[in-house]
Amino acid sequence: MSKNSIKFWLKRLLVFSAAGIGVFIASYIFILVVFPFPHKALSDIRFSKCILDKNGQLLRAFTGTDESWLMPVEFSEVNPYFIKATLSIEDKRFMRHHGVDLFAVVRAAKLNISNKKIISGASTISMQAIRLLEGRKRSFLNKAIEAAHAVRLETLYSKDKILELYFEIAPYGGNIRGVKAASLRYFQKYPKDMTLAECALLAGLPQSPSRLRPDRHPERAKKRRDMVLSNMLKGGLITVKQYEEAKNEPVLVKVHPFPFKAPHFAEFVNKRNEESGNVITTLDPNIQHYAEVSLKASLEELKYDGVTNGAVVVLENKTGKIRALVGSSDFFSKETSGQINGALSKRCPGSALKPFTYAIAFDEGLYTPNMILADVRSQYSGYTPVDYDKDFRGPVTVREALVNSLNVPAVEVLDKISFRKLYIFLKQAGFSLSKPPEHYGLSLTLGSAEVSLLELTNAYAMLARLGEYKPYTFIEGAENNVSKRLLSEGAAYLIADILSDSQRLESVGIYRDEKVRPKVAWKTGTSYGHKDAWTVCYNPEYTIGVWLGNFSGKPTRGLMGINAAAPLAIRVFDWLYSKKAAPWYEAPATVGERNVCALSGEPVSEICPHATKDLFLKERSLTQKCSVHQRIPVDEDTGFALDSAAKDGRRYIEKIVEVWPESLQAWLKIYDPTYLAPPKYMLISRRDIDLNRNKPKIISPAPGCEYFVLGMQNTDSKLPLIANGHFDSDYLYWFIDGKFFDKIASGQKLFWDMEQGRHKIACADAYGRSSSVQIVVR
C-alpha cells in the first residue's frame, strides 16, 4: 500500500473517530437534557428506619414506604471479600472504566449476534445502580440512558461511593434490598462478619434475585455461588485452599427475623423521629440488658404477690441521654399486656413527688432539715390528709418527714408554699399535667397527678444536677444545650443529703454487696390503693427510675415502693458501679452548717438546753431563733404562770418551758407521757383574758362544708368534732347551735349525730375563748 493511500485511510479514520466522538458527546448531552440525571432519586432513597444503639448495633428495623428492607451501609462496614466477589461476577473492570465498559459492550455484542439472542448485557455496576434508582424497563433506548447517566454518576461520586450505593440498593430476593438487610436476614450477621462462602453467595444473587433466592432455591444459589468463587480464583482474589473450603460449605439458609432488641425504646424513637435510615440512639446495650434481666428477676420474686409487670429508665445526668428504657418484662406477653410501654404510661406516683415540695420550701428559706413539722390531725378547707399507716407521730423533723414519706407534714409544707407554686414547678420540670392546679389541690404533693416514669426520672435527674433541668434526649450526638435552673444548688443538695441515708436501705431489708455500696439518694412512692410501686435513685452521674405494677390497674398489697421497686432500683444502681468508683456531691458554697436547738431545729437561742448541727442555706434560711423554748415567770406559791399584770407584788422565778404550737401541744399532752406542759396562767379576773388571742382551733368540721346523711348508715352520719386549744387549756367545750353538747380534752375527738339543716358549731375553752364554724347537713 502506498504512502498516499495510508494517509488517506488515516485521515478517514480520524474523521470517523472524530465524528464518532462527536456523535457520542452529542448523544450524551442530548440524553442528559431530555432525560435528566436522577439527582432527586439519589437524594430521596427511602431507607428502612434502623434504630441503632449508641455503638451502632441494630436494635430494630422498620420497613420503608414500599415495605422493603433497605438499610444504609457504609463502605467500611462491608467484608472486603464481598466487594471482590461482587466485582468478579458483575464488573471486573469497575475500577478502570468510567461508567461504561466498552470491552464488555463489544464482547456482549459478539455473543448476542452469534447466538441470535441476548446472552450478555454489558451493564456495569454504575449502570445497574442507575437502573435500580430509575426503575426503567429494559430496552435499547433505556440502555443508552443508563449508560449516559452512569458516566455522569462516575463524575459525581468516587468508586467507593458508587459501590456503597450499589450495596445499599441491589436486590437480594423478595423485599430484601442491600447487603446489610440480606446478611442479617439470611445469616443473622452484619456484612463485615460474613464468611467467604456467604460473601460469594450474596454477590451472585442480584443477577436474578427471585430465581436464585437461597432460602427457596438452595441448589441454584449454590451453583451461582460456586461460579462466583471460580471467578475469584481465576482472578487471583482467593487461594485454591480458600476456594475449596468455601465451595464445600453447604448452603444452609433460611429467612431470619431482624434483631428485635429494646422494643419499647425502639418504638418510642420511631414515633419521635421522622428521618429514615440509621438512627443512632443513646441506648447503652449493656445497661439495657442488665435492666431487662433485673426486671424479670424482680417480677419472678413478686409474682406470688400478684405483681406482673414493670418498667426501668436509666438517664445519664450530664447529658440527659436515655441509657436504658425497659417498657415491660415481656413485649410479646398477651396475658400481661406486654406491648404497653410502662415507661410512658401515666400513673399516680404517690410520695415520689414530695422531694420537689420540700426543695421549693428550702429554696424559699422556710425550713431546714432539722426543723419541726406537725404530724397531727389537720384539716385544710375540708381536706384531711392522713399518713400511710393512718397513725400520727406528733413533732417530726423535716428530714424524718421526707425520709419516712409522711403525708401530713408534706401537706403542711405545701400549704405554706401553695399548691399552685408546686404545680408550676412540676410543669417546668417536664411533667405533662393534664388538669388545672385546682383539680389537684394540696394532694398534689402526695401524688394525685398522673405522670410517666420517664417524666419522673427526668425530673429527678434535675435534682441530680443540683437544680438544673434538661430535657431527656435519645439521639446520640444530638446537642442538648437547653437547660434552665429550677432550684438553687443548695436546695437540691439538701434534698440529696436527706435522701442518701444508707441505713434506710438496711432497715427495709435491702442488703448490698459489702464491696459495692455506692452512695445513693433514693425515694419511693406507692399510689393510692396499692396499684403502683415506684422508686427513683440518683447520684451525680446516673438517675434510675423503676415502676412496678399491673397494666390492668389491678391493686395488690405487694405493690409498695419500698419493698417492691426499691430493691430493683438499687440492684441496677449498684451494678453500674461494680467496676468503678461512684461520685458524690461536694456541698455548694451556699450551704453552711449552724447550731440549732436539738428540740425545735430552729437556730439555737441562749435558753435552749441542748444544741445540734444542721445544714442551712446562707442568706435564705430563716434566722429566727428557737420559738419553742420560752422563759416565763412562775409564781413561787401557786406554781401558776404570771403575765405582766399578775407579776406585781408576787414572788416568782423564771422557768424555761416548752411552748409548742396548739396542734402539737394537744398531741403531746395526750400521747407523750414524758411531756411537761407549761404551767397555766394565773387568772386574776376574766377581764384580763384577751378573748381574741389563743382561741381554740377547730380542725373538724371545716367551715362552709356541706355534709350529706341521706342513705347513710348510722355510723356514717356521725361527724367528728376535733379542735386544739392553747397550752393553758386542758378541756374544750363544744356547742351545737348555741346548746352545750359535750366537753373533751384538747385534741381529742367527739362525734355528733348529724341532723339536716344549717348549724353553727362552736368550741370554747375554760377562759371563754371560742371559735365557730357554719356547716350545712343535707
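Quick look at the values:
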quantity: Every residue from the stretch 516-549 that is under 24 Å from residue 390 (Cβ atoms), basic (Lys, Arg) and either without any contact (Cβ under 8 Å) to a residue 60 or more places away in the chain or surrounded by 24 or more Cβ atoms within 10 Å (Cβ to Cβ) (or both); calculated: 523
quantity: All positions within the stretch 624-659 that are open to solvent by 70 Å² or more (accessible area, probe 1.4 Å), under 17 Å from residue 728 (Cα atoms) and of a type in the set (D, E, K, R); calculated: 631, 655
quantity: Selected residue (only one of 166, 190 is among the aromatic types (Phe, Trp, Tyr) and either crowded, with 19+ Cβ neighbours inside 10 Å or under 17 Å from residue 91 (Cα atoms) (or both)); calculated: 166
quantity: Residue that is farthest from residue 268 (Cα to Cα), among those in the stretch 426-478 that are over 18 Å from the mean Cα position of the chain (by Cα) and among the polar types (S, T, N, Q); calculated: 443
quantity: Of residues in the stretch 217-237 being closer than 16 Å to residue 173 by Cα and of a type in the set (D, E, K, R), the one least open to solvent (accessible area, probe 1.4 Å); calculated: 225
quantity: In the stretch 319-354, the residues that are part of a loop (DSSP other than H, G, I, E, B), under 10 Å from the mean Cα position of the chain (by Cα) and more than 30 Å from residue 388 (Cβ to Cβ); calculated: 320
quantity: Some residue of the stretch 58-67 being out of contact with any helix residue (DSSP H, G or I) (no Cβ under 6 Å at 6 or more places or on another chain), surrounded by 21 or more Cβ atoms within 10 Å (Cβ to Cβ) and farther than 20 Å from residue 207 by Cα; calculated: yes
quantity: Residue pairs meeting the criteria (Cβ under 9 Å; at least 6 apart or on separate chains; first under 14 Å from residue 578 (Cβ atoms), in the stretch 286-302; second charged (D, E, K, R) and in a helix (DSSP H, G or I)); calculated: 290/571; 294/571
quantity: Answer residue from the stretch 597-619, given it is assigned to a strand (DSSP E or B) and among the charged types (D, E, K, R) and is surrounded by the fewest Cβ atoms within 10 Å (Cβ to Cβ) among those; calculated: 613
quantity: Neighbours by Cβ (under 7 Å, 6+ apart or cross-chain): first from the stretch 491-502, closer than 17 Å to residue 468 by Cα; second part of a helix (DSSP H, G or I) and aliphatic (A, V, I, L, M); calculated: 491/359; 492/359; 492/463; 495/359; 495/463; 496/463
quantity: Qualifying residue in the stretch 78-86 (condition: at pLDDT below 90, of a type in the set (Gly, Ala, Ser) and out of contact with any Ser or Thr (no Cβ under 8 Å at 6 or more places or on another chain)); calculated: no
quantity: When residues of the stretch 312-327 are limited to those that are open to solvent by less than 10 Å² (accessible area, probe 1.4 Å) and in contact with a Ser or Thr (Cβ under 7 Å, 6 or more places away or on another chain), the one farthest from residue 265 (Cα to Cα); calculated: 317
quantity: Exclusive hit being under 25 Å from residue 74 (Cβ atoms), of a type in the set (D, E, K, R), in contact with a Gly (Cβ under 8 Å, 6 or more places away or on another chain) and buried (at least 19 other Cβ atoms within 10 Å of the Cβ), set 152, 213, 185; calculated: 152
quantity: Index of the failed condition, residue 699 passing every other in (1) free of Cβ contacts under 8 Å to residues at least 24 places away in the same chain; (2) under 27 Å from residue 680 (Cβ atoms); calculated: (1)
quantity: Test: residue in the stretch 365-372 that is aromatic (Phe, Trp, Tyr) and over 17 Å from residue 620 (Cβ atoms); calculated: no
quantity: Filter result (farther than 11 Å from residue 124 by Cα, surrounded by 19 or more Cβ atoms within 10 Å (Cβ to Cβ) and without any contact (Cβ under 8 Å) to a residue 60 or more places away in the chain) within the stretch 77-106; calculated: none
quantity: Single condition residue 332 does not satisfy, out of (1) surrounded by 16 or more Cβ atoms within 10 Å (Cβ to Cβ); (2) farther than 27 Å from residue 465 by Cβ; (3) hydrophobic (A, V, I, L, M, F, W, C); calculated: (1)
quantity: Residue that is surrounded by the most Cβ atoms within 10 Å (Cβ to Cβ) [pool: residues in the stretch 457-484 that are assigned to a loop (DSSP other than H, G, I, E, B) and among the acidic types (Asp, Glu)]; calculated: 476
quantity: Complete set of residues in the stretch 278-318 that are part of a loop (DSSP other than H, G, I, E, B) and over 13 Å from the mean Cα position of the chain (by Cα); calculated: 284, 306, 307, 308, 318
quantity: Residue 266 vs. criteria closer than 30 Å to residue 94 by Cβ, open to solvent by less than 50 Å² (accessible area, probe 1.4 Å) and aliphatic (A, V, I, L, M); calculated: no
quantity: Odd one out for residue 374 among (1) closer than 30 Å to residue 591 by Cα; (2) within 31 Å of the chain's Cα centre (by Cα); calculated: (2)
quantity: Test: residue in the stretch 387-395 that is buried (at least 22 other Cβ atoms within 10 Å of the Cβ), in contact (Cβ under 8 Å) with a residue 12 or more places away in the chain and either more than 25 Å from residue 484 (Cα to Cα) or not polar (S, T, N, Q) (or both); calculated: yes
quantity: The stretch 724-778, residues that are aromatic (Phe, Trp, Tyr), surrounded by 15 or more Cβ atoms within 10 Å (Cβ to Cβ) and modelled with pLDDT under 90; calculated: 727, 767
quantity: Filter pass, residue 594 being out of contact with any Lys or Arg (no Cβ under 9 Å at 6 or more places or on another chain) and either farther than 23 Å from residue 324 by Cα or in a loop (DSSP other than H, G, I, E, B) (or both); calculated: no
quantity: Residue 433 vs. criteria crowded, with 20+ Cβ neighbours inside 10 Å and either of a type in the set (A, V, I, L, M, F, W, C) or closer than 26 Å to residue 373 by Cα (or both); calculated: no
quantity: Subset of the stretch 240-249 [in a loop (DSSP other than H, G, I, E, B) and open to solvent by 80 Å² or more (accessible area, probe 1.4 Å)]; calculated: 248
quantity: Verdict on residue 567 being at pLDDT below 95, open to solvent by less than 80 Å² (accessible area, probe 1.4 Å) and in contact with a helix residue (DSSP H, G or I) (Cβ under 9 Å, 6 or more places away or on another chain); calculated: yes
quantity: Filtered residue count, the stretch 269-292, keeping only those that are open to solvent by less than 70 Å² (accessible area, probe 1.4 Å) and not polar (S, T, N, Q); calculated: 10
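The values are calculated or read from the model by the stated rules, or taken from the named source; none is laboratory data. As the structure is a prediction and not an experimental result, all values here were calculated from the model. Positions of Cβ are generated from backbone atoms using ideal geometry, with glycine treated the same way; all protein chains shown enter the neighbour counts. SASA here: full protein model, heavy atoms, side chains in, ligands and nucleic acids out. Shrake-Rupley method; radii C 1.70, N 1.55, O 1.52, S 1.80 Å.
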